[in-house]
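The next block holds one structure in the form of structure tokens; read it before the comments.
The values are calculated or read from the model by the stated rules, or taken from the named source; none is laboratory data. These numbers were taken from a predicted model, which means no experiment stands behind them. All Cβ positions, glycine included, derive from the backbone under ideal geometry; neighbour counts span all protein chains shown. The area values use the complete protein model at the heavy-atom level, side chains included, leaving out ligands, DNA and RNA. Shrake-Rupley method; radii C 1.70, N 1.55, O 1.52, S 1.80 Å.
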Amino acid sequence: MAQESPKNSAAEIPVTSNGQLEDSHEHSFNRDLKCSLPVGLGLSETKITFHGSDSAKEGVVEAGPFPSKGSSASPKSSVISPSSAAASRLAGQGCDLIIPTGGRAQQKSGPVVLADEVKNPAMEKLELVRKWSLNTYKCTRQIISEKLGRGSRTVDLELEAQIDILRDNKKKYENILRLAQTLSTQLFQMVHTQRQLGDAFADLSLKSLELHEEFGYNADTQKLLAKNGETLLGAINFFIASVNTLVNKTIEDTLLTVKQYENARIEYDAYRTDLEELNLGPRDANTLPKIEQSQQLFQVHKEKYDKMRNDVSIKLKFLEENKVKVLHNQLVLFHNAIAAYFAGNQKQLEQTLKQFHIKLKTPGADAPSWLEEQ
């Protein structure tokens with residue numbers, strides 16, 4: 001026989017005139033209420049009792065109505081008496097069981113895992129932009145104040161003098177490099193002309209029998225000058241390459257560190273000025289946190305400034321040693337090559353190139369063979 005639905009059974013429960021249930025129907029009301037509990041009623045509206053006497057059942061739930069509004073009795077608190085099997089299963093699941101009982105809760109807590117706070121990328125970017133804007137504003141204000149003569153700046157006299165000398169020397173080395181490149185271009189044109197002139201004399205020596213010897217002497221002289229010119233050109237180009245590396249790489253790298261040092265100095269002075277202005281003002285509950293924060297920022301930029309100043313000092317020292325060594329060798333090479341060329345000492349000129357391990361490219365060495373062209 002099919003069981004009646006909880007809705008139909010509940011609708012047929014008779015009540016007395018004062019709203020109390022008849023005793024004869026109490027059992028059927030409890031059964032119907034138990035069936036309809038998951039749908040209509042909460043735990044706060046029921047009385048729950050677990051009995052662990054039966055091994056097959058972990059508990060029996062009995063539900064009963066609260067007393068009527070006119071009754072003076074208060075609802076009983078929930079009583080939980082789980083069996084050992086149910087308790088072990090709940091502990092294994094690590095769940096939290098919370099049962100409201102008249103405003104109080106009994107909680108059996110298991111392992112709790114706290115999720116990390118989700119960081120918002122947009123807020124992080126906005127914070128970075130805000131810090132960058134504030135730092136840029138402070139540095140710009142410091143630069144304008146220094147140019148107008150209103151703000152003070154930190155100056156390391158010894159280091160500033162070394163930096164000025166370095167910049168002045170860089171300009172002079174760039175001028176030497178430019179003139180050497182001009183000399184190399186002109187010498188290349190002269191060697192090219194001498195080679196063509198030697199070929200022309202050799203051709204006339206074969207076609208003019210009466211001037212065969214004269215054209216032949218001049219052809220040999222021009223070819224020898226062209227060969228010595230190529231040797232000198234190799235020495236000058238090696239000199240240019242070394243000085244170019246010194247000026248545009250080594251010195252430029254040091255000046256880049258100098259620029260970072262100057263930026264760190266501007267930031268240091270900007271935050272130092274802010275801290276001095278705050279210290280001159282009143283000290284109250286509003287200004288003390290600002291002073292403390294400004295002191296922390298000042299300390300951070302002071303450490304950065306000290307670090308960059310130390311880096312610049314070390315790089316200037318190494319640069320000076322490297323510059324002396326490089327320029328000493330290159331100036332000796334340039335002098336010996338020029339002197340040997342104009343003295344006509346071909347042997348000394350070739351010995352100079354061997355001393356500095358300079359290899360000359362033979363004419364046509366880079367040209368592809370006729371097989372490669374095919």
### Task
Determine the gain in length on full extension of the stretch residue 145-residue 130; use 0.36 nm per residue of separation and subtract their C-alpha separation, reporting nm with one decimal.
3.1 nm
### Task
With a 1.4 Å probe and every protein chain left in place, work out the accessible area per residue of region 275-326 in Å², rounded to a whole number.
73 Å²
### Message
Below 8 Å, C-alpha to C-alpha, sequence gap of six or more: please give me the relative contact order for region 212-314 in percent.
### Response
33 percent
### Task
Evaluate the Kirkwood expression for the hydrodynamic radius of region 268-368, namely the inverse of the mean inverse distance over all pairs of different C-alpha atoms, and round to one decimal in Å.
19.5 Å
### Message
So if each residue of separation counts as 0.36 nm, and I subtract the Cα-Cα distance between residue 181 and residue 263, what length gain in nm does that give?
### Response
26.0 nm
### Task
Compute the Cα gyration tensor for region 135-225, then decide on rounded, prolate or oblate, letting a ≥ b ≥ c be the square roots of its eigenvalues: rounded whenever a/c is under 1.5, prolate when a/b is larger than b/c in the other cases, and oblate in all that remain.
prolate
### Message
I'd like the carbon and sulfur percentage of the solvent accessible area for region 170-260, probe radius 1.4 Å, heavy atoms only, ligands and nucleic acids excluded.
### Response
58 percent
### Sum of side-chain charges, residue 191 neighbourhood, beta-carbon under 9 Å (Lys, Arg +1; Asp, Glu -1)
+1
## Note on the structure
Lys and Arg at +1, Asp and Glu at -1: neighbours of residue 228 with Cβ under 14 Å from its Cβ sum to +1
### Task
Could you do me a favour and compute the accessible area per residue for region 189-260, 1.4 Å probe, result in Å²?
56 Å²
### Summary
Applied in sequence order to region 339-351, the curve 6.51 cos²θ - 1.76 cosθ + 1.60 (Karplus, θ = phi - 60°) yields integer Hz couplings, x standing for Gly and Pro, of 5, 5, 5, 6, 7, x, 8, 5, 5, 5, 5, 5, 5
